[in-house]
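FYI, it's all coordinate maths here, none of it is from the lab. Please read these numbers as outputs of a predicted model, since none were measured by experiment. Please note: Cβ atoms are built from the backbone with ideal geometry, for glycine as well, and neighbour counts cover all protein chains shown.
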Amino acid sequence: MKAATLAQLKKELKDKPANELLDICIRMAKFKKDNKELLTYLIFEANDERGFIEQAKEDLEEAFDEINMGSLYWAKKGLRKVLRNLKKQIRYSGDKVTEVELLMHFCKLLREFDIPYHDYVTLLNMYEGQMKRIRTVIEGLHEDLQYDYNEMLRSI
């Protein structure tokens, strides 16, 4: 089965009644955890972006605490998992300010992490990649926000 384009789906969904749209959403949520998480964000958390950011930061700190420090291999795997989940939350939000704040918090936690990331190429690349991403996103923000976030970035 070939998937329809977004434009085709949008056109068809416009013609559906509300109760049928509800059934479609519920059915989608049953199939994949990501769909359920996105619906949870859209329904419960999208109206309070600041609360979402704070909750995501708390989740990030908890995830850092749970990383297995037994060896560098497990620490790298744990950090990649944390970053993958963080990027999923950023995708749900779609807000550039949220992306900057969460990635900056990730980099701050990585700097404070027990393993000296600058001694290991993979961890250093992970850190530098996120810093590069932060700088790129900051360039697309309003000038006042750019100044504020660049100041915060310098403190990291």
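Rg and Dmax of segment 6-49, based on Cα coordinates, read 11.9, 31 Å. In this model, which of Lys30/Lys77; Lys30/Lys81; Lys108/Lys132; Lys16/Lys88; Lys57/Lys87; Lys32/Lys108 are farther than 21 Å apart at the alpha-carbon? Cα-Cα > 21 Å for Lys30/Lys77; Lys30/Lys81; Lys16/Lys88; Lys32/Lys108; rest within. Working note: 222 nm ellipticity from helices only, DSSP H runs with n ≥ 4, each -39,500 (n - 2.57), summed and divided by the residues of the chain, gives -25000 deg cm²/dmol to the nearest 500.
Checking (1) 0.93; (2) 1.05; (3) 0.95 against the coordinates, the calculated Rg/Rh (Cα atoms, Kirkwood Rh) falls under label (2). Screening the chain for whole DSSP H helices with an alpha carbon extent of at least 30 angstrom along the helix axis and a mean Kyte-Doolittle hydropathy of at least -1.0 yields 72-93.
Protection proxy ranking for 2-8, 87-93, using the average of other Cβ atoms within 10 Å per residue and placing the highest first: 87-93, 2-8. Look at the alpha carbon pairs under 8 Å that are at least 6 residues apart: their mean separation over the length of the chain gives a relative contact order of 17 percent. Between the beta carbons of Glu37 and Leu124, assuming R0 = 41 Å, the FRET efficiency works out to 0.85 to the nearest 0.05.
The simple spin-label model puts a point 7 Å past each Cα toward its Cβ; for Ala29 and Lys11 those points are separated by 3.0 nm.
Dipole magnitude for the chain: about 1080 debye, using +1 per Lys or Arg Cβ and -1 per Asp or Glu Cβ, origin at the Cα centre.
Note on segment 1-91: semi-axes of the ellipsoid equivalent to its C-alpha gyration tensor, largest first and rounded to whole Å, are 34, 17, 11.
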